[in-house]
Amino acid sequence: GKDWLGTSWRSFNEAREFARDLRLKTQIEWNNYCKSVEKPDDIPRNPRKFYRHDGWISMKDWLGK
(Lines give C-alpha, C1' and ligand atoms only; values in the text may rest on other atoms or scores of the structure.)
Protein backbone atom coordinates (compact mmCIF):
# COMPACT_ATOMS: atom_id res chain seq x y z
CA GLY A 1 0.00 0.00 0.00
CA LYS A 2 0.90 3.66 -0.13
CA ASP A 3 0.81 6.22 2.64
CA TRP A 4 -0.24 9.84 2.30
CA LEU A 5 3.24 10.78 1.07
CA GLY A 6 2.97 8.26 -1.76
CA THR A 7 5.51 5.84 -0.30
CA SER A 8 5.03 2.24 -1.43
CA TRP A 9 5.53 -0.12 1.50
CA ARG A 10 6.51 -3.78 1.51
CA SER A 11 3.78 -6.23 2.41
CA PHE A 12 3.56 -7.13 6.09
CA ASN A 13 5.11 -10.57 5.55
CA GLU A 14 8.00 -9.21 3.45
CA ALA A 15 8.68 -6.40 5.92
CA ARG A 16 8.51 -8.75 8.92
CA GLU A 17 10.90 -11.17 7.22
CA PHE A 18 13.31 -8.26 6.61
CA ALA A 19 13.02 -7.15 10.26
CA ARG A 20 13.62 -10.69 11.53
CA ASP A 21 16.71 -11.05 9.34
CA LEU A 22 18.24 -8.08 11.18
CA ARG A 23 18.40 -10.21 14.36
CA LEU A 24 17.47 -7.27 16.58
CA LYS A 25 16.26 -8.16 20.06
CA THR A 26 14.35 -5.16 21.44
CA GLN A 27 12.14 -2.20 20.55
CA ILE A 28 15.09 0.07 21.43
CA GLU A 29 17.35 -1.75 18.94
CA TRP A 30 14.60 -1.43 16.30
CA ASN A 31 14.21 2.31 17.00
CA ASN A 32 17.97 2.82 16.73
CA TYR A 33 18.06 0.88 13.46
CA CYS A 34 15.24 3.04 12.09
CA LYS A 35 17.29 6.17 12.80
CA SER A 36 20.19 4.80 10.76
CA VAL A 37 20.75 5.32 7.05
CA GLU A 38 20.55 1.54 6.60
CA LYS A 39 16.74 1.33 6.90
CA PRO A 40 15.12 0.96 3.47
CA ASP A 41 12.49 3.56 2.60
CA ASP A 42 9.83 0.88 2.08
CA ILE A 43 9.98 -0.39 5.68
CA PRO A 44 7.90 1.71 8.10
CA ARG A 45 9.49 2.99 11.31
CA ASN A 46 6.27 2.26 13.18
CA PRO A 47 5.17 -1.16 11.92
CA ARG A 48 2.54 -1.51 14.68
CA LYS A 49 0.70 1.54 13.38
CA PHE A 50 1.17 0.80 9.69
CA TYR A 51 0.35 -2.93 9.74
CA ARG A 52 -2.28 -2.88 12.51
CA HIS A 53 -4.90 -4.26 10.09
CA ASP A 54 -2.52 -6.43 8.04
CA GLY A 55 -1.23 -9.06 10.45
CA TRP A 56 0.49 -7.10 13.26
CA ILE A 57 0.81 -9.16 16.45
CA SER A 58 3.58 -7.67 18.59
CA MET A 59 7.10 -6.29 18.48
CA LYS A 60 8.36 -9.68 19.69
CA ASP A 61 6.66 -11.32 16.71
CA TRP A 62 7.96 -8.59 14.36
CA LEU A 63 11.55 -9.20 15.48
CA GLY A 64 11.11 -12.99 15.60
CA LYS A 65 11.59 -13.46 19.33
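Quick notes on this one:
- 1.4 Å probe accessible area per residue over segment 13-61, in Å²: 73 Å²
- Other residues lying with their Cβ under 10 Å from the Cβ of D42 contribute a combined charge of 0, Lys and Arg counting +1, Asp and Glu -1.
- The chain: C-alpha gyration tensor shape, a/c 1.5 cut-off, then a/b vs b/c: oblate
The values are calculated or read from the model by the stated rules, or taken from the named source; none is laboratory data. Note that this is a predicted model, so its numbers are computed, not measured. With ideal geometry, Cβ positions are generated from the backbone for all residues, glycine too; neighbour counts draw on all protein chains shown. The area values use the complete protein model at the heavy-atom level, side chains included, leaving out ligands, DNA and RNA. Shrake-Rupley method; radii C 1.70, N 1.55, O 1.52, S 1.80 Å.
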